[in-house]
Amino acid sequence: MKVTVLGATGGIGGEVVRQALLAGHEVTAVVRDPSRFSVDGDPTDGRLRVVTANLTSPEDLVPALTGRHAVLSGLGARTRKDAGVATRLTRTLLTAMETTDVRRLVVVSAAPVGPAPADDGFLDRTARALVSAVLKDVYTDLRAMETAVAGSATEWTVVRPPRLQNKPLTGGYRTVIGGFPAKGRFIGRADVAHSMLALTNDPAAVKQGVGVAY
């Protein structure tokens, strides 16, 4: 599979690049600052291409998208001060995709943006409400991003993880298409990346939000 990864210098995007290469895929990593990009292993077999692009310009992105089978995006706010970046940069991506032949798109959002499990207990509901209040601007941004993605002509999937952790890949996570795993409170960035790659080839996930958690 030939994939383009946006947000390749971030925790999730970098893991998508690393795992995709290990799986034998051809990867185009789109970065704004190449000095911040690194990947484990030896990419000299030619399956990795690093493209520096201005993510506010659709025209800059088109060469990195043309001929790809899918786009996986880890774009999002690194801090509360960055709120708005997910919507702004994803709209640039969607505009660029309109001029190419690539239609499959997998993006990262967050659990509080999607539906809560029907059997959530008091503690989980309280924690969800508290986090949503503290990170209100970030989640408002992600909701707007999801709206833009859902209104596009792409074959999209939105992945919604809970609190992120830096831990090795386990593969022991749960996914719920159209919902969220009960009592799913944490997940590692490496497992989010793994789920994104797996969902890319899952027809049931097209035009769906997918909750992922341990």
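Some points to look at:
- Selection count, the stretch 145-177, where residues are buried (at least 18 other Cβ atoms within 10 Å of the Cβ), over 13 Å from V212 (Cα atoms) and out of contact with any Leu (no Cβ under 9 Å at 6 or more places or on another chain): 1
- Being over 13 Å from the mean Cα position of the chain (by Cα), closer than 17 Å to T200 by Cβ, modelled with pLDDT of 95 or more and of a type in the set (K, R) holds for only one residue in R103, R91, and it is R103.
- Selection of the stretch 124-140 for residues being touching a helix residue (DSSP H, G or I) at 6+ places or on another chain (Cβ under 6 Å) and either polar (S, T, N, Q) or at pLDDT 95 or above (or both) yields only S132.
- The stretch 1-48, residues that are free of Cβ contacts under 8 Å to residues at least 60 places away in the same chain, more than 23 Å from D202 (Cα to Cα) and under 18 Å from the mean Cα position of the chain (by Cα): T9, V30, V31, R32, F37, V39
- Enumerated strands (runs of 3 or more DSSP E) restricted to the stretch 121-214, each holding at least 2 residues that are aliphatic (A, V, I, L, M), under 14 Å from the mean Cα position of the chain (by Cα) and on the phi > 0 side of the Ramachandran plot: none
- Matching residues in the stretch 7-25 - criterion: being buried (at least 24 other Cβ atoms within 10 Å of the Cβ) and β-branched (V, I, T): I12, V16, V17
- Test for G184: is it surrounded by fewer than 14 Cβ atoms within 10 Å (Cβ to Cβ), over 20 Å from T90 (Cα atoms) and not polar (S, T, N, Q): no
- Residue that is under 22 Å from E155 (Cβ atoms) and among the hydroxyl-bearing types (S, T, Y), where the choices are S109, S38: S109
- Set side by side, the residues T4, T66, T28 differ, and just one is surrounded by 14 or more Cβ atoms within 10 Å (Cβ to Cβ), in contact with an Asp or Glu (Cβ under 8 Å, 6 or more places away or on another chain) and among the hydroxyl-bearing types (S, T, Y), which is T66.
- Cβ pairs under 8 Å, 6+ apart, first in the stretch 80-106 and closer than 10 Å to T56 by Cα, second at pLDDT 95 or above and of a type in the set (S, T, N, Q): T90/S73; L93/S73
The values are calculated or read from the model by the stated rules, or taken from the named source; none is laboratory data. Bear in mind the structure is a predicted one, so any value in this text is a computation, not a measurement. Note: ideal-geometry Cβ built from the backbone for every residue, glycine included; neighbour counts use all protein chains shown.
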